[in-house]
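What follows is a single structure, written as structure tokens, with notes after it.
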Amino acid sequence: MTTMSPSRSPRRRMQPAERVAQIAATAEEVALSEGLAAITVRSVAGRMGVAPSLVAHYVPSMDELVTATFDRVARREISAMSALLERAATPLEQLRLLVGVVAAPDREDVPLWSDAWSLARRNTSLAAAARDCLDAWQGVASSIVAAGRASGAFPSGDPEHVGLVLFALIDATNAYSRVAYRTDAERSALIRTAVASALGLAPGAL
């Protein structure tokens with residue numbers, strides 16, 4: 001007696017929007033595990049289990065895919081931070097929370113920022129996205145400083161200047177962490193002390 005194997009249902013063909021979403025999600029997986037520079041037609045196709053030509057059909061520009069991936073991850077971090085800050089009662093508590101989170105070397109988007117600085121030299125859309133995200137991050141810090149100045153919690157400090165200083169230090173110390181220059185504690189102290197000084201606060205206030 002011959003046993004017949006059950007028939008297999010044909011694989012459903014994805015709609016274009018579904019395929020684009022799958023490519024975007026896969027590119028993010030590649031970026032978070034291997035870095036922005038690892039996003040290629042072949043790497044994305046390999047993870048999806050499809051031919052590279054399929055990815056190339058939906059993504060004619062890998063520079064644009066790299067840019068979109070970076071922008072999505074960076075803005076997700078900004079949105080998460082903004083939501084977290086709503087739980088803090090005062091500008092000082094908010095600033096402490098902000099510094100504690102963005103100064104952490106294990107933050108999800110730190111390696112992507114490092115990649116972005118390098119790749120943006122040849123990818124103008126990525127450079128523009130990085131500038132926009134920097135403005136957004138600095139806007140978060142500046143709004144906290146403005147509220148603190150208005151309430152008297154911060155004796156001094158121009159909001160925009162402090163926001164710029166904070167993220168200049170964040171970016172510098174994150175670069176230091178990539179090459180293990182100084183300790184986590186030393187890098188954190190550099191940020192906290194400098195920002196506290198700019199606001200007229202005691203060195204240990206943050």
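The values are calculated or read from the model by the stated rules, or taken from the named source; none is laboratory data. Computed from a predicted structure; not experimentally measured. All Cβ positions, even for glycine, are placed from backbone atoms using ideal geometry, and neighbour counts span all protein chains on display. Heads up: the accessible areas ignore ligands, DNA and RNA and are worked out on the full protein's heavy atoms, side chains in. Shrake-Rupley method; radii C 1.70, N 1.55, O 1.52, S 1.80 Å.
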Take the alpha carbon atoms of the chain, find their radius of gyration, then divide it by 2.2 N^0.38 Å using N residues; give the quotient. 1.32
Loop-located trypsin sites (Lys or Arg not before Pro) in region 96-163, at most 14 other Cβ atoms within 10 Å (DSSP): Arg121, Arg122
Expressed as an acute angle from 0 to 90° and rounded to the nearest 10, what is the orientation of the C-alpha long axis of helix 110-119 relative to the principal long axis of the chain? 80
Can you pull the percent of the chain's accessible area that's carbon plus sulfur, 1.4 Å probe, other chains left in place? 55
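Arrange the residues Val20, Val30 by how much accessible surface each exposes, largest first, with a 1.4 angstrom probe.
Ranked list, largest accessible area first: Val20, Val30.
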Applying the Karplus parametrisation 6.51 cos²θ - 1.76 cosθ + 1.60 with θ = phi - 60° to the phi angles of region 182-191, what ³J(HN,Hα) value in whole Hz is obtained for each residue in order, glycine and proline being reported as x? 6, 8, 4, 5, 5, 5, 5, 5, 4, 5
Ala37 paired with Asp135, simple spin-label distance in nm, labels 7 Å along Cα-to-beta-carbon: 2.9
Please give the per residue accessible area of the chain, computed with a probe of 1.4 Å over protein heavy atoms only, in Å². 55
When the helix-only estimate is applied to the chain (DSSP H runs of n ≥ 4, each -39,500 (n - 2.57), divided by the residue count), what is the mean residue ellipticity at 222 nm, nearest 500 deg cm²/dmol? -23000 deg cm²/dmol
Computed over region 1-143, the relative contact order (Cα-Cα under 8 Å, seq sep at least six) in percent reads 25
Suppose the chain between Glu93 and Asp63 were pulled fully straight at 0.36 nm per residue; how much longer would it get relative to their current alpha carbon spacing? 6.9 nm
Applying the Karplus parametrisation 6.51 cos²θ - 1.76 cosθ + 1.60 with θ = phi - 60° to the phi angles of region 132-139, what ³J(HN,Hα) value in whole Hz is obtained for each residue in order, glycine and proline being reported as x? 4, 5, 4, 4, 5, 4, 5, x
Under the Karplus relation 6.51 cos²θ - 1.76 cosθ + 1.60, θ = phi - 60°, what is the ordered set of whole-Hz ³J(HN,Hα) values for region 47-64, x standing for Gly and Pro? 5, 7, x, 10, 6, x, 4, 5, 5, 4, 5, 8, 10, x, 10, 6, 4, 5
Accessible area, 1.4 Å probe, largest first: how do Asp63, Asp71, Asp106, Asp135 sort? Asp106, Asp135, Asp63, Asp71
